[in-house]
Structures are given as C-alpha cells and as structure tokens.
Amino acid sequence: MSPVFSELRLLREAIEEDLDHRRIDENLGRGVYGYVGCLIRLVEDGDRDPARSLNEARSAAGFLRAVPRLPDPRPRIWSAPSCLA
C-alpha cells in the first residue's frame, strides 16, 4: 500500500473520530468524510493522481477544522404576521 493511500485513509479516520466526538460541524463533516472517501476510491481504481487527491483531501479537512462548529438549529415557531391576522 502506498504511503499516500495510507495518509488518505488516516485522514478519513481522523474526520470520522472528530464527527464521533462532535468536534466539527456534523453537516460539513459528513460531506468532507464522503468527499475523502470518494477520493480514496478514485485513487484505488487508478482514476486519480494520488498526490493531487491527498492535497485536495488535506485542503478539505483544513477547511473543515477552520470552520467553527455551528450551533444546533433552534425550533422555529411560525405564526401568521400581524398584518394577515
């Protein structure tokens, strides 16, 4: 197994761990986790340059860690505007 492939897998596992421990935003984290998984499959199939895929995965993970964890959405209470009542 190539070192680049191993690094991609380790990066994906780190994202999964961050998701499990709620250190990163869940919506963004799931998207980046899936993106890195797709890059891994493309590298496995020989359809993507491993070094380029690793750089893209690192960039996505860096972005994910730079974005603060967003708060859970508050339930919104909808009411008719006063002009329609």
- Note on the structure: For the stretch 17-34, pairs from a residue that is among the hydroxyl-bearing types (Ser, Thr, Tyr) to a residue that is part of a helix (DSSP H, G or I) and open to solvent by 70 Å² or more (accessible area, probe 1.4 Å), with Cβ under 8 Å and 6 or more apart or across chains, are TYR33/GLU16
- Message: Yes or no: the stretch 50-66 includes at least one residue that is open to solvent by less than 100 Å² (accessible area, probe 1.4 Å), of a type in the set (D, E, K, R), at pLDDT 95 or above and in contact with a Phe, Trp or Tyr (Cβ under 7 Å, 6 or more places away or on another chain).
- Response: no
- Any idea which of (1) part of a helix (DSSP H, G or I); (2) open to solvent by 50 Å² or more (accessible area, probe 1.4 Å) is the one VAL36 doesn't satisfy? (2)
- Note on the structure: Selection from the stretch 10-55 of residues polar (S, T, N, Q) and over 18 Å from PRO68 (Cβ atoms) yields SER53, ASN55
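The values are calculated or read from the model by the stated rules, or taken from the named source; none is laboratory data. Given the structure is predicted, the values throughout are model-derived calculations rather than measurements. When we count neighbours, we look across all protein chains shown, and the Cβ atoms used for this are built from the backbone with ideal geometry, even at glycine. Side chains included, ligands, DNA and RNA excluded: accessible areas come from the protein's heavy atoms. Shrake-Rupley method; radii C 1.70, N 1.55, O 1.52, S 1.80 Å.
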